[in-house]
Structure formats: structure tokens, C-alpha cells
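The values are calculated or read from the model by the stated rules, or taken from the named source; none is laboratory data. Everything numeric in this text was worked out from a predicted model, so none of it was measured. Because the Cβ atoms are built from the backbone with ideal geometry, glycine has one as well, and the counts that use them run over all protein chains shown.
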Amino acid sequence: MKKAVTLLIAFGAVVILSAASFATVIHVPADQPTIQAGIDAAIPGDTVLVADGTYTGNGNRDIDFGGKGIVLKSENGSDFTIIDCQGDSLDPHRGFYFHSGEDSTAVVDGFTIRNGNAVNGGGISCNFNSSPTISDNTISGNSANNGGGIHCRYSSPTISNNTISGNSASYYGGGIYCRNSNPTISDNTFSGNSAYNGGGISCRIGSNSSIIDNTFSGNSAVHDGGGIHCDENSNAFISNNHINNNSANSGGGILTYNANPTIGYNIIDGNLANAGGGIFCAYSTNPVIINNTISGNSADGDGAISCFDSNPTVENCIIAFSKSGRSVFCNPSSNATLTCCDVYGNEGGDWVGCIAGQADTNGNFSADPLFCDTAAVDFSLSKFSPCLPQYNSCGVLIGSLDLGCTGPYICGDANGDSLVNQDDVAFLQAFYFDCSSCPDPLVVADVNCDGSVDIADIVYLAQFLNGTGPEPCCW
């Protein structure tokens, strides 16, 4: 029996080695005249390697893997290898159509896919449980009703390291559209895409996408979700993305509708909407919004975060410097619960409206987060930021980024004018004795290093400046 098992294992190893040894590289156009001809000639495990050039016409568009697990790769990357679909509404064509159950071993790597036009998926369509790997491509200037760049239906592709730009959709998903799909979407750049809903990405009807480490910039939606749109039980995992300068009627950065995504560790800045400049939560939406930096967004009175018939949980977030609108808005059927959040410097008010009673409770506070350099889009925290664990009562990181610079801030400079003098003593005195609405002093005013800024620091700093006490301990 042992001998038989040994022989069976040995036979299996020979089969595997034999299969690997027969894997070949098919060159286009040297071996086969078109990309489709190269794929047709390949068997699973083969690589079809495409030379530099612009590929057009039949055989170089509407490319079909036929269910094969093969690698289609350009020789020198997307800048040099272009699939020009030459599609329009009268003569529709796209780059690739996956519809035969392809898995992750079916790979498209290193192409520019442009000028596609189709009903669904102007650049690439993944349908009927087809889940290829789409990586290191430029998908640009394509259009469709849904999924200008990429369309996913009952499919879960891996979409990574692509530039997805300038695509458009009449309805959903300028960059990517997902329906009943669970794709992994990571390390991509989405820019200048447009749609009616979901300028960058639209996740619909049970699409639990993983959206991680992407950049969304300059995307737009006529209606909802300039950067990301999630609806109808699409409980996406949205993490570590930079979502900036996108626009929509509702949800300039993110809109979630009848869905409960997890939104964590994102930078959401400079987005614009009529309602919900950063995030809009609508109709039975109860997302977890955790450790986000939400800064410099604009909405006409309806908040960096807006809630309509929704009850989001907001934890460890910075909501700051909204250019118009309050920090958080709730309609009468909504409630937002904030814990360990820094809400500061919002044009329409900080702890107002539905969150007015939450200031100075549950670890919440209002203080300048002391970003390193917002002009350079650097939202990491400077040395004395109150959002660092050692400087807030929750003892946690608040916002999406940790310590990133020593900063221009000086220990003892309570008013932030880069000087340590009697003006700082006066600032602290005014705060504690005369002004109930003054902004909190900077953490650098904790000159005795006891973990809080209080009256003891006024005495300590005054004695130092008068020459009768020790220097600030944080020097």
C-alpha cells in the first residue's frame, strides 16, 4: 500500500512538472498576428506577450479569453502598448469581455485600453462569475451606460495598480461599476471619471467590494457619490484611500444609500457637494466611520458628514476646516454618534445641530489637529497634535495618519504665533476666565507636561517668562 501511494505521488509530481515544462510564451505579432489569435493559440498556463504598438480592429478588441487561465502581458507596459477600441454608439466595441468563468489566473497586465464604447463596460466587462486579474493598465477615455472603465456583474475580479481616468457612464460607475459582485480594488488611481451616480466607483445591489489604498481625485457625479457610491446592501470595505476634490449633488467624496459600509483610515478632503461634502449617509444607512481625516470639504449647510434617515457611528475621526457647511448635519430622522473625535474649525459650526450635546463627552473635543502641511496635501500629524494618543483623553490615534513631522509649533506657544511670550499667558487666561466660546489652546500649551492644558500651565508659563520658574518641560 505504501509503495502504491509513493508511486501515485511520484506520478502526480511528473504530471505537474510536465505541465509546467509545456507552458509557452506566444509573441504578438511575431508568432500570431493579433491579440485574439495569440489567446486562441494558448493553453492554460501560457503567456501571450505583446510587443509595443497600437492595436486596432478585429482581433485586437472585444478580446475573449474563453475561460482560459493565461497571462496576457505587454512587453514594456501601458505607455507603449495600446488597445484602441475605436468604439462609438453606432459601432460599439470594448477592450475585453470576460464571461466564461475565468478566475484570477486569467491576467491582463500592462496595456492602455482606450476609446471603448458599450452598453456595460466600455473598457472591460466581467460577467457571469468571471473574476480575472486586471493590473498595471491605463483604462482611459471609455464610455458606457454602466461602468465606463470596468463593469462587474456576478464577478469578483482583482483590480490593482491601474490608472482609471477620463471614463464616463450615463448611469452608474464612471470608473468602475459593480453589481452583485465582490471585487478587490486596490492601489489604483481614479481621476476625471464621471457618471450620473458614482463618478469613481459605483457598488450596487449586494456588491461587497474591498476598496483599499486607492486615490480618487477630480471625479464627478451629476447626482450621488462623486468619488464612491454604495447602495442597496452593498456593504463595501473602504479603507486607506485618499479621496479628494471630487464633486456631486450629494456625497462629494462618498455616498452610501441603504447600505452599511465600513469607512476607515481614509483621507477625505477638498470634496464638494450640495449635501455631504465628505460623506452622505442616506436611508437606512448605518455605517461605521472610523479613523478618517475629513478636512476642507464644502457643502451648502449640510455638513462634511450628512445624515438622512441614517444613524452612523463616527469614531476617532478628525472633522475639520470645512469651507462651507457645518461639521455634521442630521435630518429629524437621523442621529450621529461621535466618540473620540476632534471637530474643529468648520465654517458652519463644529458642535452644533444634532451633535451639539456631544462636545466634551465620550472623549470628543475641539482643537486644531496640527496637520503637517495641508498646502502640500500632507495630513499627517505634527509633534504636538492633540490627535496623537499621548495628547487626548481616549489615548488613541485620531484621524487616518500618525506622527509625520516635528512641525512649526513651539512648546508654550499657546496662541500659535511662533513666539513664546506674555501673549500666550494672556491667551490662556482669556480662554479659562473670560471666553466660553474661544478655541481650545494648542497642546503645546501643556508646559508642565501633565497631560492636560489647564490653569496650572498658566502659572507655570508666567513664572518661566518672569524668570522665577523652570523652562517648559517639552523643550
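A search for C-beta distances below 6 Å between a residue of the range 283-310 that is under 11 Å from Leu272 (Cα atoms) and any residue that is among the β-branched types (Val, Ile, Thr), counting only pairs 6+ apart in sequence or on different chains, returns Gly303/Val328; Ala304/Ile294; Ala304/Ile319. Residues in the range 100-111 that are crowded, with 24+ Cβ neighbours inside 10 Å and more than 24 Å from Arg179 (Cβ to Cβ): how many? The qualifying residues number 1. The requirement of being of a type outside the set (Asp, Glu), without any contact (Cβ under 8 Å) to a residue 40 or more places away in the chain and out of contact with any Cys (no Cβ under 6 Å at 6 or more places or on another chain) is not satisfied by Ser209. Close contacts from the range 18-43, counting a first residue that is modelled with pLDDT of 95 or more and a second that is of a type in the set (D, E, K, R), with Cβ to Cβ under 6 Å and a gap of 6+ residues or different chains, come to Thr24/Asp46.
Considering each residue of the range 279-290 in turn, at least one proves to be within 20 Å of the chain's Cα centre (by Cα), among the aromatic types (Phe, Trp, Tyr) and assigned by TED's automatic domain parsing to the domain that holds Leu397. Taken over the range 269-280, the criterion of being part of a strand (DSSP E or B), touching a residue at least 40 places away in the same chain (Cβ under 8 Å) and not small (Gly, Ala, Ser) is satisfied by Asp269, Leu272, Phe280.
Working only within the range 379-389, note down all residues that are surrounded by 15 or more Cβ atoms within 10 Å (Cβ to Cβ) and of a type outside the set (Lys, Arg).
Within the range 379-389, Phe379, Ser380, Leu381, Ser382, Phe384, Ser385, Pro386, Cys387, Leu388 qualify.
Just so you know, in the range 303-322 the residues that are within 22 Å of the chain's Cα centre (by Cα) and over 29 Å from Pro389 (Cβ atoms) include one that is surrounded by the fewest Cβ atoms within 10 Å (Cβ to Cβ), and it is Ser310. Restricting the range 323-340 to residues that are under 24 Å from Tyr283 (Cβ atoms) and hydrophobic (A, V, I, L, M, F, W, C) leaves a set whose member that is surrounded by the most Cβ atoms within 10 Å (Cβ to Cβ) is Val328. Of the listed requirements (1) in contact with a helix residue (DSSP H, G or I) (Cβ under 9 Å, 6 or more places away or on another chain); (2) assigned to a strand (DSSP E or B); (3) of a type in the set (S, T, N, Q), Ser380 misses just one: (1).
Each residue in the range 140-169 was checked for being among the small types (Gly, Ala, Ser) and within 12 Å of Ser202 (Cβ to Cβ), and 5 of them qualify.
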